[in-house]
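Laboratory data are not the source of any read-out in this text; all were calculated from the coordinates shown. The structure presented is a predicted model; accordingly, all values stated were derived computationally and were not measured. All Cβ positions, glycine included, derive from the backbone under ideal geometry; neighbour counts span all protein chains shown.
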Amino acid sequence: MKQKAKQSPMLIEERRQHILSIIEKDGRVLVDELSNSLNLSKITIRKDLDYLESRDLLLRTHGGALPKRTGTLVDPSFEEKTHLHHEEKLRIAQEAAKLVEEDQCIILDSGSTTIEVARALKQRFHRLTIITNALNIATELVHTDFEVILLGGSLRKKSLSVIGPLAEDTLREFHADILFLAVDGIDPKVGLTTPNMQESRVNRAMIQAADKVVAVCDSTKFERTSHSLIASLDAVHHVITDKALPAHVAGAIRELGVDVTLI
């Protein structure tokens, strides 16, 4: 019986081109999956990814890599974000508040849109429990009858937020009805991303603590990615954004089973 010829291993450059083709096709690569599919050590895969990043061909993330795109996000301060697309953020916040009922427990992520959600909730409700990692949101709600729970941890001054293991561990003690998440980038293939890795870890813990996850962001945040992955888009139940969102993006999100509201 004729023995099947053994497949030759890829050359280094072939392998790296293969990795880039997967990123282009799938929107990301994972070290574990590449290690299994190519039958190579994780150390070798990580070296390949580091090399490709050094050539400005991809963005390294914890556990893998994302595409290098012209829409890749920088990390602006909260003050810089506040004045951008303000009218859209106000409308998004008012729509978000319609999803809430009296006596519910709500998680509010830090962000220039979620601060507007906090203000909208303050106008509509009297008895809510608000869990947040945002100093400005806690301050905004200090004169309400809401129970406000501010997470502990390390202060990230740029976003006025609290991050780190203490915030993540505290979130595991809570169960919330709704999380309003003001992400920096949404891509139907890649998912939800942010420029700061510790912020992404806190966001993941928030997602795990909530029954319903609602992404609130203006349309400029779509088809953009950054190097810290929060979660895939199927972790979100509802997206609220403005009517400038391209139809093909809204369609791709709805195909994932996610509700999309355009205001």
Summarise the long-distance tail of P(r) for the chain by giving the % of C-alpha pairs beyond 22 Å.
58 percent
Once you put a point 7 Å from the Cα of H143 and another 7 Å from the Cα of L166, both along the Cβ direction, what distance in nm separates them?
2.9 nm
Stokes-Einstein at 20 °C, 1.002 mPa s, Kirkwood radius from Cα pairs: D for the stretch 121-252 in µm² s⁻¹?
139 µm²/s
Contact order normalised by length for the chain, with contacts defined as Cα pairs under 8 Å and 6 or more residues apart; what percent is it?
16 percent
About its Cα centre, the chain carries a charge dipole, from +1 on Lys and Arg Cβ atoms and -1 on Asp and Glu Cβ atoms, whose size in debye to the nearest 20 is 1100 debye
Kirkwood-type radius of the stretch 12-67, with distances r between different C-alpha atoms, in Å
10.8 Å
Which length gain, in nm to one decimal place, applies between E173 and D234 when the Cα-Cα distance is subtracted from 0.36 nm times their residue separation?
19.6 nm
When F180, F222 are arranged by how many other beta-carbons sit within 10 Å of their Cβ, fewest first, they go F222, F180
Taking the Cα centre of the stretch 92-132 as origin, sum charge times position over the Cβ atoms of Lys and Arg (+1) and Asp and Glu (-1), and report the length of that vector in debye to the nearest 20.
140 debye
Here the stretch 93-102 yields Karplus 3J(HN,Hα) values (6.51, -1.76, 1.60; θ = phi - 60°; whole Hz; Gly and Pro given as x) of 5, 5, 5, 4, 4, 5, 7, 9, 10, 3
Rounded to the nearest 20 debye, dipole of the stretch 172-263 from Cβ charges on Lys, Arg, Asp, Glu:
140 debye
Are any of the pairs K89/K212; K122/K157; K158/K221 more than 22 Å apart by Cα-Cα distance, and if so, which?
K122/K157
Sort 108-117, 207-216 for me by packing, meaning the mean count of neighbouring Cβ atoms within 10 Å per residue, highest on top.
108-117, 207-216
Using alpha carbon centers only, the stretch 146-186 is separated from the stretch 82-144 by a whole-angstrom value of 14 Å
So how far apart, in nm, are the two label points at E101 and L155 if each is 7 Å from Cα heading toward Cβ?
3.9 nm
What ³J(HN,Hα) values, in whole Hz, does the Karplus curve 6.51 cos²θ - 1.76 cosθ + 1.60 give for the stretch 205-219 when θ = phi - 60°, with x put for Gly and Pro?
5, 5, 4, 5, 8, 10, 6, 10, 10, 10, 7, 10, 6, 6, 5
Residue-wise HN-Hα coupling along the stretch 178-195, computed from phi with Karplus coefficients 6.51, -1.76, 1.60 (Hz; x: Gly, Pro)
9, 10, 9, 10, 9, 6, 8, x, 10, 10, x, 7, 7, x, 9, 9, 8, x
Which one, L11, G153, I253, is farthest towards the positive end of the dipole of the chain when Lys and Arg carry +1 and Asp and Glu -1 on their Cβ?
L11
